[in-house]
Amino acid sequence: MKKFLSLAVASLAVTAIASSVFASGDGPGVTSDEAYDKMKEGNERFVSGKMLYPNYDRQRRFETAKGQHPFVTVIGCSDSRVPIEAIFDQGIGDTFIIRVAGNVCDTDEIGSIEYGVDHLGTPLLVVLGHESCGAVTAVVKEADVHGSIPALVDNIEPAVEHAKKLHPRLSPDDLVPFAVRANVMQSIEDLLTHSDSVRERAKDHRVRIVGAVYDLETGKVSWLGEHPRMGSLLKAPTVDAHGGDHGHDDDHAGGPTH
Ligand SMILES: [Zn+2]
């Protein structure tokens, strides 16, 4: 009994630490449609140069210091030309953001998304790729990469293979935009294949997951919608091992590249 109690206390302590780091779990009080509209409207303001720069004042800092209630989780590329709060004209406490080269969904990124979607309860998740992505281009052009980069870009390889299969005659430069779109869908697939909690939330319509691609010159975000095989991905069992096991079925064909 004593052992049970000490275990219970220990687990409460862990929960308390997790809650304090990643408060607060109440959700933002907006629907996925409202969250989607906020993102679309924010990008339209950015494109037209009519930004509101919302939620950057002292009052907002005080409010959000007590707990965060972001309305969207976004995973995007680390590229310096894709500053996510700026391109959606959002401020402090609005967006829970993961940035990683090539917007890949591997273990750490999926864990971060689970904090945003499952713990903070954001009703919307945006997987954001961008035109001329260096990470995607490196894979398309089979660049010689070193250090830890091969482990990063292996997440992108199935997407590039898929784009090549659909567009076998394109030059590497012309293939990049298709590979960028396929890579957004690959990230959604990797996430749903490996995250039970996000998959359950998506199944229950507690989170809507959409892909998008940002144009570096115009500043415009093109919305790609849901993954074309969303129905079957929501049924998919979790794969045990992560990394290097990204299958790519033929039924993906015709999906992401529109
Ligand atoms: Zn990039």
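Which whole-number percent gives the relative contact order of segment 26-252, counting Cα pairs below 8 Å spaced six or more residues apart?
It comes to 21 percent, rounded to a whole number.
Could you sort 235, 203, 40 by their accessible area in this structure, using a 1.4 Å probe and putting the largest first?
Largest to smallest exposure gives the sequence 235, 203, 40.
What pairs from 141/165; 40/164; 50/220 go past 20 Å between their alpha carbons?
Those over the limit are 40/164.
Compute the convex hull volume of the Cα atoms of segment 26-252, divide it by the residue count, and report the result per residue in Å³ as a whole number.
125
Determine the share of segment 109-245's accessible area contributed by carbon and sulfur atoms, expressed in whole percent, with a 1.4 angstrom probe.
50
Rounded to whole Hz and in sequence order, give me ³J(HN,Hα) for segment 43-58 from the Karplus expression 6.51 cos²θ - 1.76 cosθ + 1.60, θ = phi - 60°, writing x for Gly and Pro.
Taking θ as phi minus 60°, the curve returns 5, 5, 4, 5, 5, 8, x, 10, 5, 9, 6, x, 6, 10, 8, 4 Hz for segment 43-58.
Starting from 0.36 nm per residue, how many nanometres of slack lie between residue 47 and residue 196 once their C-alpha separation is accounted for?
50.0 nm
What are the lysines whose alpha-carbon lies under 27 Å from the alpha-carbon of residue 66, with same-chain residues fewer than 8 places away excluded?
Cα-Cα hits under 27 Å: 38.
When only C-alpha pairs under 8 Å and at least 6 residues apart count, what is the relative contact order of segment 97-224, in percent?
Value for segment 97-224: 36 percent.
The values are calculated or read from the model by the stated rules, or taken from the named source; none is laboratory data. Worth saying up front: this structure is predicted, and the values here are computed from it rather than measured. Each accessible area value is taken on the protein alone, full model and side chains, heavy atoms only, with ligands, DNA and RNA left out. Shrake-Rupley method; radii C 1.70, N 1.55, O 1.52, S 1.80 Å.
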